Number of protein chains: 2
Amino acid sequence: MDRPAVAVPILRLGDVLVTGLLDDLDDRSAVAFSLELTERIADDRARGVLIDISRLEIIDSFAARTLMEVTAMARLMGARLIVAGMRPAVAVTLVELGLELTGIETAVHAEQAMTMLGWRSSQQPLKGAL
Amino acid sequence: MDRPAVAVPILRLGDVLVTGLLDDLDDRSAVAFSLELTERIADDRARGVLIDISRLEIIDSFAARTLMEVTAMARLMGARLIVAGMRPAVAVTLVELGLELTGIETAVHAEQAMTMLGWRSSQQPLKGAL
């Protein structure tokens, strides 16, 4: 199958896959992303998935649906998926649009999500950083 | 300044920045990547940087130079940069070409790099995974 290239790297940290979405996730990239992520969950035997969305300034209904779908796919494959770092304006817009991302587990930032997935930093967390 | 968009997301996990390079890092993207990474080191007050290169099947002299440069830039800014996951064939080729990435700290995979940067998993690591 001729599959579009994925512009988003998916890193493996232990049994957790870590990735981040950028603003320009178009429909074609979103499909490729779902395919790649599910294949990586199987290949890497991932127990958890972190998707950082702190770079996203807009989540439209298509992107929202993609996030809900990959969450459901991950769950079916036995992995826990956490979406981290949603901007306040995005959250406001989503709720106003009635897109409440039902079923998606969220975290305030990627670090918290990693903690939820069993990773922790032995360093003191940064204070006062953006 | 009109800056090219970066196609590589840089995640912040505590005071560590995590990113991964894909195969198609062309010259323009490499410059944008260096700019973005150094700005993020400053903005996020990062103490460490992990660059996963497990997806890279080729590292040419330009990419090698980019990695050495961002390592030096990170060091100047007070951050420790680790390059993780180099494929065996890439390592063989680099040494044969005399590109030994002097000064770059490496790790066998991203998980090890995160451990070197002060993160650890409370879970048992996966055995036998790819």
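The criterion of being modelled with pLDDT under 90, within 13 Å of chain B (Cβ to nearest Cβ) and open to solvent by 60 Å² or more (accessible area, probe 1.4 Å) holds for A:Arg55.
Would you pick out the residues in segment A:9-34 that are away from every other protein chain (no Cβ under 11 Å) and either buried (at least 21 other Cβ atoms within 10 Å of the Cβ) or assigned to a helix (DSSP H, G or I) (or both)?
Step one: filter segment A:9-34 for residues away from every other protein chain (no Cβ under 11 Å), giving A:26-28, A:30-34.
Selection gives A:Asp27, A:Arg28, A:Ala30, A:Val31, A:Ala32, A:Phe33, A:Ser34.
Within segment B:107-130, the set of residues being at pLDDT 90 or above, more than 7 Å from chain A (Cβ to nearest Cβ) and either in a loop (DSSP other than H, G, I, E, B) or more than 16 Å from B:Asp52 (Cβ to Cβ) (or both) comprises B:Val108, B:His109, B:Leu117.
Determine whether A:Ala72 is open to solvent by 10 Å² or more (accessible area, probe 1.4 Å) and either within 14 Å of chain B (Cβ to nearest Cβ) or over 16 Å from A:Val8 (Cβ atoms) (or both).
Answer is yes for this residue.
Return yes when A:Ser121 is more than 13 Å from the chain's Cα centre (by Cα) and without any contact (Cβ under 8 Å) to a residue 12 or more places away in the chain and no when it is not. For A:Ser121, the condition - more than 13 Å from the chain's Cα centre (by Cα) and without any contact (Cβ under 8 Å) to a residue 12 or more places away in the chain - is met. What residue, of B:Leu94, B:Leu99, is away from every other protein chain (no Cβ under 13 Å) and in contact (Cβ under 8 Å) with a residue 40 or more places away in the chain? Of B:Leu94, B:Leu99, the one residue that is away from every other protein chain (no Cβ under 13 Å) and in contact (Cβ under 8 Å) with a residue 40 or more places away in the chain is B:Leu99.
The residues of segment A:83-104 that are part of a loop (DSSP other than H, G, I, E, B) and surrounded by fewer than 11 Cβ atoms within 10 Å (Cβ to Cβ), listed by number, are A:Gly98, A:Thr102.
Just give me the residues in segment B:59-113 being of a type in the set (Val, Ile, Thr) and under 20 Å from B:Ile41 (Cα atoms), in sequence order. Working first, answer last.
First pass over segment B:59-113, keeping only residues of a type in the set (Val, Ile, Thr): B:59, B:66, B:70-71, B:82-83, B:90, B:92-93, B:95, B:102, B:104, B:106, B:108.
Within segment B:59-113, B:Thr66, B:Val70, B:Thr71, B:Ile82, B:Val83, B:Ile104, B:Thr106 meet the criteria.
Of the residues contained in segment B:35-58, one or more are found to be under 20 Å from A:Thr19 (Cβ atoms), assigned to a loop (DSSP other than H, G, I, E, B) and of a type in the set (Ser, Thr, Tyr). Being within 22 Å of A:Ser122 (Cα to Cα) and open to solvent by 10 Å² or more (accessible area, probe 1.4 Å) narrows it down to one residue among B:Arg65, B:Arg80; which is it? Testing whether each residue is within 22 Å of A:Ser122 (Cα to Cα) and open to solvent by 10 Å² or more (accessible area, probe 1.4 Å) leaves just B:Arg80. Residue check: A:Arg65 meets all listed conditions (1) in contact (Cβ under 8 Å) with a residue 24 or more places away in the chain; (2) more than 8 Å from chain B (Cβ to nearest Cβ); (3) of a type outside the set (S, T, N, Q) but one, namely (1).
The values are calculated or read from the model by the stated rules, or taken from the named source; none is laboratory data. This one's a predicted model, so the numbers in the text were calculated from it and none came from an experiment. Cβ coordinates were reconstructed from backbone atoms using ideal geometry, including for glycine residues, and neighbour counts include every protein chain displayed. Surface accessibility is based on the protein's heavy atoms, side chains included, excluding ligands, DNA and RNA. Shrake-Rupley method; radii C 1.70, N 1.55, O 1.52, S 1.80 Å.
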